[in-house]
1. Residue under question is Phe264, and the condition is that it be part of a strand (DSSP E or B) and under 22 Å from Ala316 (Cα atoms); does it hold?
2. May I ask you to verify whether Ala97 is in a loop (DSSP other than H, G, I, E, B), under 21 Å from Tyr65 (Cβ atoms) and either out of contact with any strand residue (DSSP E or B) (no Cβ under 9 Å at 6 or more places or on another chain) or not polar (S, T, N, Q) (or both)?
3. Kindly indicate which of Pro171, Pro108 is in contact with a Gly (Cβ under 6 Å, 6 or more places away or on another chain) and within 30 Å of Thr221 (Cα to Cα).
4. Looking only at residues in the range 286-295 that are in a loop (DSSP other than H, G, I, E, B) and touching a residue at least 24 places away in the same chain (Cβ under 8 Å), which one is nearest to Tyr272 (Cα to Cα)?
5. Got at least one residue in the range 296-310 being in contact with a His (Cβ under 8 Å, 6 or more places away or on another chain), part of a loop (DSSP other than H, G, I, E, B) and hydrophobic (A, V, I, L, M, F, W, C)?
6. Report, ordered by the first and then the second residue, all pairs with beta carbons closer than 8 Å, sequence separation of six or more or different chains, a first member in the range 263-274 that is of a type in the set (Phe, Trp, Tyr), and a second member that is surrounded by fewer than 19 Cβ atoms within 10 Å (Cβ to Cβ) and in a loop (DSSP other than H, G, I, E, B).
7. Considering only residues that are among the hydrophobic types (A, V, I, L, M, F, W, C), under 22 Å from Val245 (Cβ atoms) and either part of a loop (DSSP other than H, G, I, E, B) or without any contact (Cβ under 8 Å) to a residue 24 or more places away in the chain (or both), which ones fall in the range 321-358?
8. Return only the number of the condition from (1) out of contact with any strand residue (DSSP E or B) (no Cβ under 8 Å at 6 or more places or on another chain); (2) on the phi > 0 side of the Ramachandran plot that Ser314 does not satisfy.
Amino acid sequence: MRKVLVISVMTAAMWPLLLVQGVSTQAGPEAGKIEVARRAGPPKGPIPRFPNGTVNLGPGAQVEYASSTTGTWDAAAAAGNTVYGQAGSPIAGALTANRGKVVRFQYPVQSGDRLQLQYQIPSNGVWVDSEQSTQPVVNWPAVGFGAYISSATIGSTDVTVSFLQYGVPGPTYNSLAGATNWTPLNYNNWRLIKYTPSAPVGFGLVSSTDSGLLRAYGSMTMIRLHTGNGYGSTNTVIRRFTTIVVNTGAGITYADSATLGASFTCTEAGIYSFNYTDVFNAASNMGLSINSAQLTTDIVSITAANRLASATSSNANINTFAAITIQLAVGDVVRPHTGGVAESGLPAKVSFAVCRVA
């Protein structure tokens, strides 16, 4: 009979210490013996969760919780009103019209994802799927009741939940007669869950603008360019590049314009690492600017708050390098910003790279 040794590895947060190694000066078969501390039965208590309430369901599996509210239940809510976390947003009574609530997830909806609308029972705090609730969506030819996911597009971070004016239909088919309004006595909160079966790993702290999830290395934003291509004709100190080596992820949008030069616009808040190398035909200043409106001004002379990093070459044909790792908000724009000196005859030595690191 073959004997199979099964080794179970668990984190200290989930189990008390199972193996105790004592210091020993013995010689012989008892030396270095590991004592096994046994316990009766499986661990008890709730499943450990990360600080923001997200859970990992397997290798790379991701679950995101989000809802949306302006603070007023009887009002539409835009993507900018998204609230992250398991608590959801209130269902606060009757609606006077149909209301759309847009939820913005941190990462785009992908093929294979699952979206689930849930309501919370006020008496015990239990969450139920909308289709298993006492208020499942009902669509009759002329009228509808309840709520449903009305818009979800592959590649988009935004999902719309439509709450119809009445929660439960009345006794008359295809009529609003006797319909029941939404009421917090039935369900007091709602939320939307996005399940992604693979790719994202890692968890951070949830905030009002960040779900706390971090993608795996291969799925994170990375842009790498090389070979200088002069400057924008209007933004005369903003560099351009010829060749894209890598441009992956949705966190930074790279744009190249013959008039405006190169720009890198943040579309997912996070921490990003930038590095930029250039070579000029004379002594020159160069570096990185953020949200600058002084796009014809030498980088060393722009407003200090808009200057992320700068460096100076003392002569022609010297590799000059600037780099920074910085937290960006959605809408921030980073540019390769110089003093406007012409590039050297070595444009292939020019490079730019950005990668999301957190």
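Any read-out appearing in this document is the output of simple, stated calculations on the displayed coordinates, not a laboratory observation. Fair warning: this is a prediction, and the values are worked out from it, not measured in the lab. Cβ sites come from the backbone with ideal geometry, for glycine too, and all protein chains shown count toward neighbours.
1. It is false that Phe264 is part of a strand (DSSP E or B) and under 22 Å from Ala316 (Cα atoms).
2. Spelling it out, it is not the case that Ala97 is in a loop (DSSP other than H, G, I, E, B), under 21 Å from Tyr65 (Cβ atoms) and either out of contact with any strand residue (DSSP E or B) (no Cβ under 9 Å at 6 or more places or on another chain) or not polar (S, T, N, Q) (or both).
3. Answer to the selection: Pro108.
4. So the residue we want is Asn291.
5. Yes.
6. Correct list of pairs: Tyr272/Val357.
7. Listed by number, the residues that qualify are Leu346, Val350, Val357.
8. The number of the failed condition is (2).
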